[in-house]
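Chemist: Sharing a structure, written as structure tokens. Questions coming.
The values are calculated or read from the model by the stated rules, or taken from the named source; none is laboratory data. Note that this is a predicted model, so its numbers are computed, not measured. Every residue, glycine as well, gets a Cβ built from its backbone with ideal geometry; the counts of neighbours run over all protein chains shown. These area figures cover heavy atoms from the full protein model, side chains too; ligands, DNA and RNA do not enter into them. Shrake-Rupley method; radii C 1.70, N 1.55, O 1.52, S 1.80 Å.
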Amino acid sequence: MQTSVTTIERFILDQEDRYPEATGELSNLLYDIALASKIIAAAIRRAGLVNILGKAGHQNVQGEEQQKLDVFANETIKNCLQHTGRVCAMGSEEDEDIIPVPPEYAAGKYAVLFDPLDGSSNIDVNSAVGTIFSIYRRVSMHGRGTSSDVLQPGCKQVAAGYIMYGSSTMLVYTTGQGAHGFTLDPTIGEFLLSHPRIVTPRVGTYYSVNESNFHRWDIEMQTAVRGLKGDLSDGVSPKNSRYIGSLVGDFHRNLVAGGIFLYPADTKNPKGKLRLLYEASPMAFIAEQAEGSATDGVQRILDIMPTDLHQRTPLVIGSREDVGYVADTLRRTAARASGPVSQPAL
Ligand code: AHM
Ligand code: MG
């Protein structure tokens, strides 16, 4: 029987030891999130048994139907964070406005953004869902947090991660020292290090995109996706298609096995569907730490300056060379279309 394991607590502490000036607050904040995720994982596991599945009966700020587990996950994370004195403000996919810590609690030095239960349309069919989080150091000087604390570009994140509630529960996070993965051992209730320093292949096997939107994309994106499938003479070697419709599940598979995930802008979602602050930016931080990359098609995701808590962005993320291929193809196709020969030489 194996007796030497690395718990997430020990791993975070070991990383913190490299910084003599560290106060331990960020480490404790990460444990708080790990605790919240264990509570959510337990609820998801029991979901079919305790009749917690189904619609909560109202819509969230994006006009989408909330599931009961969305509400539960959102409340759980807020309850695990707001009283600790480590957080000044939060932002959630499920809340319209920023959430300053309640006045009865001390305000801390971090702002946390999260999507409490991403891919929740998958809940009723028992497929992978996840929690995504992003942490910034506060920029406001004192008191409860303000929108300036949550509206920061992704390159200012001090930590980010996701928890995938799949066949097992996994937590992947980065503090800028590589991306590391932990698997929850349900028998002891601990996250154990299972994927130290994840490095995603430079060229992936998979492409992941909702291809039912093909006719809604512009010609540039249609050309790039055809290239990923190997339909073009200047394309890449053909990739396999894999798409769950759950960002955490699709991203995680491609991170580990190599691949590219795309959620482009389309005529229905002209700015893309995914949210910059609590979906694209944290995933982009992890991708880059795993030697992958992320773009909106024009600029690096981590350089986008947010103006709105729930702002959306197109997202192309994953293996570095594949993301580069898509960005180049978008550029080249646009240049050809606006040049003297308007017909792309495919
Ligand atoms: P959600 O935050 O409402 O769950 O939506 C985000 C999800 C992502 O997990 C996933 O990548 C995408 O929406 C799938 O969208 P679609 O069903 O349009 O392919
Ligand atoms: Mg979401």
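Chemist: Report the residue count in region 96-122 for those that are among the charged types (D, E, K, R) and within 16 Å of ligand 2 (Cβ to nearest atom).
Modeler: Taking region 96-122 first, the residues among the charged types (D, E, K, R) are 96-97, 104, 109, 115, 118.
The next check asks that each one be within 16 Å of ligand 2 (Cβ to nearest atom); those that pass are 96, 115, 118.
Matching residues across region 96-122 total 3.
Chemist: Further question: Could you please find all residues in region 123-150 being of a type in the set (S, T, N, Q) and in contact with a helix residue (DSSP H, G or I) (Cβ under 8 Å, 6 or more places away or on another chain)?
Modeler: Answer for region 123-150, where residues must be of a type in the set (S, T, N, Q) and in contact with a helix residue (DSSP H, G or I) (Cβ under 8 Å, 6 or more places away or on another chain): SER127, THR131, SER134, SER140.
Chemist: Inside region 76-153, counting only strands (runs of 3 or more DSSP E) that do not spill past its ends, which hold 2 or more residues that are on the phi > 0 side of the Ramachandran plot and crowded, with 24+ Cβ neighbours inside 10 Å?
Modeler: Values: elements: 87-92, 110-118, 129-137.
So the answer is none; nothing clears 2.
Chemist: How many residues does region 211-235 contain that are of a type outside the set (Ser, Thr, Tyr) and open to solvent by less than 30 Å² (accessible area, probe 1.4 Å)? Break it down into steps so the answer makes sense when it comes.
Modeler: Within region 211-235, the first condition is being of a type outside the set (Ser, Thr, Tyr), and the residues that meet it are 211, 213-222, 224-232, 234-235.
When the remaining residues are screened for being open to solvent by less than 30 Å² (accessible area, probe 1.4 Å), the result is 213, 217, 221, 224-225, 227-228, 232, 235.
So the count comes out to 9.
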